[in-house]
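Participant: Input: one structure, supplied below.
The values are calculated or read from the model by the stated rules, or taken from the named source; none is laboratory data. Source: prediction; values computed, not measured. Note: ideal-geometry Cβ built from the backbone for every residue, glycine included; neighbour counts use all protein chains shown.
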Amino acid sequence: MKVAQSLKIGNVVVKNRLFLSPMVDVTDLAYRLLCRKQGAGMAYTEMIYVDAILHENARTKSLMKTCKKDSPLGLQVTGNSVREFQKFAKLDELHNYDLVDINCGCPSIRITGNQAGSYLLRNPGKIGEMIRILKDAGHTTTAKIRLGYKKNNALAVAKEVERAGADLLTVHARMANQGSSVAADWKWIAKIKKEIGMSVIGNGDVFSGKDVEKALDVCDGVMIARGAIRNPFIFREILRYFKTGKEKEIGRMERISAFKEYLNLAKKHDVIDMGRIKYLGSAFMKGFPGAGKIRAELMQKRDDGRINEFLSSLK
Ligand SMILES: Cc1cc2nc3c(=O)[nH]c(=O)nc-3n(C[C@H](O)[C@H](O)[C@H](O)COP(=O)(O)O)c2cc1C
């Protein structure tokens with residue numbers, strides 16, 4: 001049963017083949033802990049600019065927070081400057097993470113406008129240089145790519161990532177200019193896996209155990225993003241699917257108590273962010289009768305204490 005088999009990334013051991021995607025405004029320490037409890041084998045911080053880490057402010061510090069149970073953990077970064085990567089690679093803080101993942105896939109104009117994220121795909125040699133710098137400094141290093149910026153050059157990028165000595169490649173099977181309404185093209189994940197020797201994690205449109213079953217025929221593991229926002233239980237249910245052939249619908253009370261758990265973890269680890277709490281609350285409170293009313297009430301609350309009181313009042 002491949003899904004439950006461990007996977008080695010350099011010296012890092014991941015207990016199964018289910019990876020929680022790095023997600024801006026979602027995968028803070030509390031969310032990662034929640035998903036790990038449900039069975040996610042691997043998780044990442046959200047993407048952080050190397051430059052922001054070098055000039056660390058309070059927000060960046062909060063995004064970089066981790067703890068003992070939050071392992072294995074990848075610090076996901078992006079940037080445009082090889083020189084900054086040289087400084088970054090020497091930071092002591094990097095030893096708080098099991099690996100560094102280079103984001104070469106973010107399509108947001110704020111990021112590509114700075115020649116980072118998916119813009120890096122235009123220059124595979126630069127990605128290779130960044131990987132070499134991190135590897136030379138002794139860090140387990142991975143890269144997450146899309147199929148291309150404006151033209152598909154995924155094979156060339158994948159080969160360069162491997163040549164540079166990276167420990168794993170994640171492929172989000174869309175071009176940078178394709179939104180989630182375009183289906184991820186898993187043919188390319190299969191093609192890349194055939195062409196390179198390193199482990200490949202496939203990403204794009206994985207929402208169920210069946211999707212994972214198909215994915216594991218062509219690559220070494222799956223990374224899940226939107227499926228986990230709607231439903232942090234997805235990891236548990238996928239593992240259940242591989243054991244029993246079935247997945248369970250997640251009911252109202254289980255969703256409410258998971259959201260309460262998120263709030264408690266956010267408070268405990270001091271990563272409370274009201275914008276994020278409301279976004280995640282709306283995502284959790286879906287798919288059961290009366291969910292719309294709960295979402296509307298949540299939006300009115302001014303702090304996490306009031307949200308907690310409100311959630312506790314729900315029977
Ligand atoms: C809200 C949100 C935030 C995201 N932030 C990041 C990020 O910080 N780093 C990254 O590599 N990808 C990011 N992504 C992309 C996802 O990691 C993933 O590649 C993409 O959503 C496809 O996977 P899915 O079909 O499972 O959603 C983000 C996606 C979403 C929906």
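Participant: Just to check your reading of the model, which residue among SER71, SER62 is assigned to a loop (DSSP other than H, G, I, E, B), in contact (Cβ under 8 Å) with a residue 12 or more places away in the chain and either of a type in the set (S, T, N, Q) or in contact with a Gly (Cβ under 8 Å, 6 or more places away or on another chain) (or both)? Steps first, answer last, please.
Facilitator: Values: SER62 fails: assigned to a loop (DSSP other than H, G, I, E, B).
One residue alone meets the criteria, SER71.
Participant: Report, ordered by the first and then the second residue, all pairs with beta carbons closer than 9 Å, sequence separation of six or more or different chains, a first member in region 207-223 that is more than 18 Å from THR244 (Cα to Cα), and a second member that is charged (D, E, K, R) and within 13 Å of the ligand (Cβ to nearest atom).
Facilitator: Pairs that qualify, where the first residue is more than 18 Å from THR244 (Cα to Cα) and the partner is charged (D, E, K, R) and within 13 Å of the ligand (Cβ to nearest atom), are VAL222/ASP211; MET223/LYS144.
Participant: Checking VAL271 against (1) without any contact (Cβ under 8 Å) to a residue 60 or more places away in the chain; (2) within 16 Å of the ligand (Cβ to nearest atom); (3) not assigned by TED's automatic domain parsing to the domain that holds SER6: exactly one of these is not met. Which one?
Facilitator: Going through (1) without any contact (Cβ under 8 Å) to a residue 60 or more places away in the chain; (2) within 16 Å of the ligand (Cβ to nearest atom); (3) not assigned by TED's automatic domain parsing to the domain that holds SER6 one by one, VAL271 breaks only (1).
Participant: Consider only pairs whose beta carbons are under 9 Å apart and that are at least six residues apart or on different chains; among these, list those whose first residue lies in region 175-187 and is without any contact (Cβ under 8 Å) to a residue 24 or more places away in the chain and aliphatic (A, V, I, L, M) and whose second residue is outside any loop (DSSP other than H, G, I, E, B) and within 12 Å of the ligand (Cβ to nearest atom).
Facilitator: Hits for this filter: ALA184/HIS172; ALA184/GLY202; ALA184/ASN203.
Participant: Within region 224-255, work out how many residues are hydroxyl-bearing (Ser, Thr, Tyr) and without any contact (Cβ under 8 Å) to a residue 24 or more places away in the chain.
Facilitator: First, pick out the residues of region 224-255 that are hydroxyl-bearing (Ser, Thr, Tyr): 241, 244.
With the extra rule that they be without any contact (Cβ under 8 Å) to a residue 24 or more places away in the chain, the set shrinks to 244.
Qualifying residue count for the region: 1.
Participant: For region 166-180, does any single residue satisfy the condition of being in a helix (DSSP H, G or I), at pLDDT 95 or above and not small (Gly, Ala, Ser)?
Facilitator: no
Participant: Restricting to region 168-183, name every residue that is buried (at least 22 other Cβ atoms within 10 Å of the Cβ) and either hydroxyl-bearing (Ser, Thr, Tyr) or farther than 11 Å from ASN152 by Cβ (or both).
Facilitator: Matches in region 168-183: LEU168, LEU169, THR170, VAL171, HIS172.
Participant: For region 291-298, state whether one or more residues are part of a loop (DSSP other than H, G, I, E, B) and of a type in the set (Val, Ile, Thr).
Facilitator: no
Participant: Look through region 302-315, keep the residues that are among the charged types (D, E, K, R) and under 28 Å from the mean Cα position of the chain (by Cα), and return whichever of them is nearest to ALA258 (Cα to Cα).
Facilitator: The residue in question is ASP304.
Participant: Still on this structure, I have one more. Give me a count of the residues in region 191-212 that are within 16 Å of the ligand (Cβ to nearest atom) and part of a helix (DSSP H, G or I).
Facilitator: If we filter region 191-212 for residues that are within 16 Å of the ligand (Cβ to nearest atom), which is where we start, we get 192, 200-212.
Now restrict to residues that are part of a helix (DSSP H, G or I): 192, 209-212.
Adding up the residues that qualify gives 5.
Participant: OK, next. Suppose we filter GLY290, GLY275, GLY221, GLY245 for residues that are buried (at least 20 other Cβ atoms within 10 Å of the Cβ) and not hydrophobic (A, V, I, L, M, F, W, C); which single one remains?
Facilitator: From the options GLY290, GLY275, GLY221, GLY245, the qualifying one is GLY221.
Participant: Might you check whether a residue that is within 15 Å of the ligand (Cβ to nearest atom) and more than 17 Å from LEU34 (Cα to Cα) occurs anywhere in region 237-260?
Facilitator: no
Participant: Going through region 68-99 one residue at a time, which ones are closer than 19 Å to PRO124 by Cβ and among the aromatic types (Phe, Trp, Tyr)?
Facilitator: Listed by number, the list holds a single entry, PHE85.
Participant: Give GLY209, GLY204 a once-over and let me know the one that is small (Gly, Ala, Ser), assigned by TED's automatic domain parsing to the domain that holds ARG32, touching a Lys or Arg at 6+ places or on another chain (Cβ under 7 Å) and modelled with pLDDT of 95 or more.
Facilitator: Of GLY209, GLY204, the one residue that is small (Gly, Ala, Ser), assigned by TED's automatic domain parsing to the domain that holds ARG32, touching a Lys or Arg at 6+ places or on another chain (Cβ under 7 Å) and modelled with pLDDT of 95 or more is GLY204.
Participant: Please find, among GLY105, GLY39, GLY10, the residue that is crowded, with 19+ Cβ neighbours inside 10 Å and on the phi > 0 side of the Ramachandran plot. Explain how you work it out, then say what you get.
Facilitator: Values: GLY105 fails: on the phi > 0 side of the Ramachandran plot; GLY10 fails: crowded, with 19+ Cβ neighbours inside 10 Å.
One residue alone meets the criteria, GLY39.
To keep it simple, each residue is scored yes or no on (1) away from the ligand (no atom under 16 Å from the Cβ); (2) buried (at least 23 other Cβ atoms within 10 Å of the Cβ); (3) at pLDDT below 95.
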{"position": "MET1", "(1), (2), (3)": "yes, no, yes"}
{"position": "ARG17", "(1), (2), (3)": "no, yes, no"}
{"position": "TYR44", "(1), (2), (3)": "no, yes, no"}
{"position": "ILE53", "(1), (2), (3)": "no, no, no"}
{"position": "ARG59", "(1), (2), (3)": "no, no, yes"}
{"position": "ASP92", "(1), (2), (3)": "yes, no, no"}
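So that you can scan it fast, the table gives a plain yes or no per residue for (1) more than 17 Å from the chain's Cα centre (by Cα); (2) in a loop (DSSP other than H, G, I, E, B); (3) within 16 Å of the ligand (Cβ to nearest atom):
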{"position": "PHE85", "(1), (2), (3)": "yes, no, no"}
{"position": "ILE102", "(1), (2), (3)": "no, no, yes"}
{"position": "GLN115", "(1), (2), (3)": "yes, yes, no"}
{"position": "LEU120", "(1), (2), (3)": "yes, no, yes"}
{"position": "LYS126", "(1), (2), (3)": "yes, no, no"}
{"position": "ILE133", "(1), (2), (3)": "yes, no, no"}
{"position": "ALA184", "(1), (2), (3)": "no, yes, yes"}
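Participant: Considering only residues that are among the small types (Gly, Ala, Ser) and over 11 Å from the mean Cα position of the chain (by Cα), which ones fall in region 18-53?
Facilitator: ALA30, GLY39, GLY41, ALA52
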